[in-house]
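The values are calculated or read from the model by the stated rules, or taken from the named source; none is laboratory data. Since we're looking at a predicted model, the values are computed, not measured. So basically every Cβ, Gly included, is an ideal-geometry build from the backbone, and we count neighbours across all protein chains shown.
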Amino acid sequence: MDKPAMPFPAVLIALALALPLSACNQPIQQTLGCDFAPYMAARQIPELALVPVQPGTMTPIPLNSVSFSDSFTAESVLVQYTGAQRTPTGTVEVTTRMVNCTDWPLVVEGRTNFFDAGQRPVEPVSAWQKIHLPPRSVGHYSEMSMDAKRVQTYLTELRSAP
């Protein structure tokens, strides 16, 4: 003997009770938090860096990394990743993932310098690109070289947008 079908209002009530409970099984999304202390402690003396002709006149600028042009951005944005890879055509694509560690939206700008093995510029520095970062969010920046053969290192710069 067939069971009688559940009346339509009973189905709606059952769904209304079941749907909120299914959300309980989902992981809770935590608010993004930043701790700059381990980031600063993990900094190492770079193997590759732009150094001044006269030693001691400025801090070496690590290559294959991100440099901040202003202290506000350096204290508000945490770089999670930066790296480069060759594309199938031989150019170099640089990618940087960053986190806005503040409770307000930020607009930062990024640009990249590409260098040869002798740390000479291979091409003009790229144009500044705006990166919009909502509060406590992750953003990305990427840039491609034009040169397909000579690029060996890069330096990405980040600054607050004017």
Subset of the stretch 39-66 (residues that are surrounded by 14 or more Cβ atoms within 10 Å (Cβ to Cβ) and at pLDDT 85 or above): 48, 49, 50, 61, 62, 63, 64, 65, 66
Failed condition for residue 36, given (1) surrounded by fewer than 10 Cβ atoms within 10 Å (Cβ to Cβ); (2) modelled with pLDDT under 95: (1)
Enumerated strands (runs of 3 or more DSSP E) restricted to the stretch 79-162, each holding at least 1 residues that are free of Cβ contacts under 8 Å to residues at least 40 places away in the same chain: 92-100, 129-133
Residues of the stretch 74-96 satisfying the condition of being in contact with a Lys or Arg (Cβ under 6 Å, 6 or more places away or on another chain) and closer than 14 Å to residue 133 by Cβ: 80
